Amino acid sequence: MNKTAIIIPSHLAAKRLPNKPLLKIHGKAMISHVWERSKASNVTDVFVATADTEILNEIKNNGGNAILTGKQHTTGSDRIHEAIDKLQLDHDIIINVQGDMPMINPETINLINNFMIANPNVNISTVASEISKDETEDKNVVKAVTEHDLKKNKFQKALNFVREISNEKFYYHHIGLYAYRKNVLNKFVNMQKTENEINRSLEQMRFLDHNIDIFVGYTHDNPLSVDTKEDLEKIRKFI
């Protein structure tokens, strides 16, 4: 049995950039870039979970696996949970790759997958990278806060995830890539949303506020996520 599956949640209802997953980057839809880079990792089973037939068809027409989910989901984790049930997956580890990161490095996916396999007592892991001064002041950039220097400790528990820095000593640019045990994801969807999750618009706070540790690993890669037209133009220059 394969221990790990990647599920990429994706939908067309983005407010800031409508139809975002299907926007073309050098002739190829953004979601297809994400799928191809995920397939280049050491994880064999890769799926796209979407509420939209247009995305489903895009992936299937490119030889990928995709499944339709409901439109009611407010987080990627909730969408992934439905996909797991529909696909009847029995994998122990589920990796959530955001559908708006067309430059995600397969080695970064390998980093958290290998960590989860080597540490069966860890429930959730994610990654973060060096943060610039401009990013520190940008509320749209989520910061992962740790107790010690992440570059020296590789993986350690996250103390917090914030949008604004006050007096935190060690903080990094959080990258929206998660690996979780399937049983913990089952718990997540039955937990009440917390004030921190709602106020910060950060679903990972639901885990921390319910005393489920998240381990953060350091990566030199900082894949741009696409939220605006300006982000899209930057991506087109890099890919």
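Details
- Residues of the range 199-215 classified as outside any helix (DSSP H, G or I) and either over 17 Å from the mean Cα position of the chain (by Cα) or under 19 Å from PHE155 (Cβ atoms) (or both), total: 6
- Taking residues in the range 39-50 that are more than 14 Å from LYS86 (Cα to Cα), and partners anywhere that are hydroxyl-bearing (Ser, Thr, Tyr), the pairs with Cβ atoms closer than 6 Å and at least 6 places apart or on different chains are VAL43/THR4; VAL46/SER38.
- Scanning the range 63-76 for residues that are in contact with a helix residue (DSSP H, G or I) (Cβ under 6 Å, 6 or more places away or on another chain), modelled with pLDDT of 95 or more and not hydrophobic (A, V, I, L, M, F, W, C) turns up GLY64, THR69.
- Criterion applied to LYS152, LYS86, LYS143 was being closer than 30 Å to LYS71 by Cα, free of Cβ contacts under 8 Å to residues at least 60 places away in the same chain, out of contact with any helix residue (DSSP H, G or I) (no Cβ under 6 Å at 6 or more places or on another chain) and outside the structural domain of TRP35 (by TED's automatic domain parsing), and the one residue passing it is LYS143.
- Restricting attention to the range 185-198 and to residues that are of a type in the set (Val, Ile, Thr) and part of a loop (DSSP other than H, G, I, E, B), the residue that is farthest from GLU82 (Cα to Cα) turns out to be THR194.
- Residue satisfying all of: in the range 24-35; under 15 Å from GLN98 (Cβ atoms) and out of contact with any Pro (no Cβ under 8 Å at 6 or more places or on another chain); surrounded by the fewest Cβ atoms within 10 Å (Cβ to Cβ) among these: SER32
Yes/no per residue for (1) of a type outside the set (Val, Ile, Thr); (2) closer than 14 Å to THR75 by Cβ:
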position: LYS154; (1), (2): yes, no
position: VAL162; (1), (2): no, no
position: GLU168; (1), (2): yes, no
position: ASN190; (1), (2): yes, yes
position: GLN204; (1), (2): yes, yes
position: ASP227; (1), (2): yes, no
position: ARG236; (1), (2): yes, no
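- Just one of the listed residues (ASP90, ASP85) is in a helix (DSSP H, G or I) and more than 20 Å from ILE235 (Cβ to Cβ), and it is ASP85.
- When the range 155-180 is filtered for residues that are out of contact with any helix residue (DSSP H, G or I) (no Cβ under 8 Å at 6 or more places or on another chain) and among the basic types (Lys, Arg), the ones remaining, listed by number, are LYS157, LYS169.
- Those residues of the range 166-201 which are more than 19 Å from ILE94 (Cβ to Cβ) and among the aliphatic types (A, V, I, L, M), in sequence order: ILE198
- The single condition among (1) touching a Gly at 6+ places or on another chain (Cβ under 9 Å); (2) more than 27 Å from LYS24 (Cα to Cα) that MET205 does not meet is (1).
The values are calculated or read from the model by the stated rules, or taken from the named source; none is laboratory data. These numbers come from a predicted model, not from an experiment. In this analysis, Cβ positions are derived from the backbone assuming ideal geometry, glycine residues included, and neighbour counts consider all displayed protein chains.
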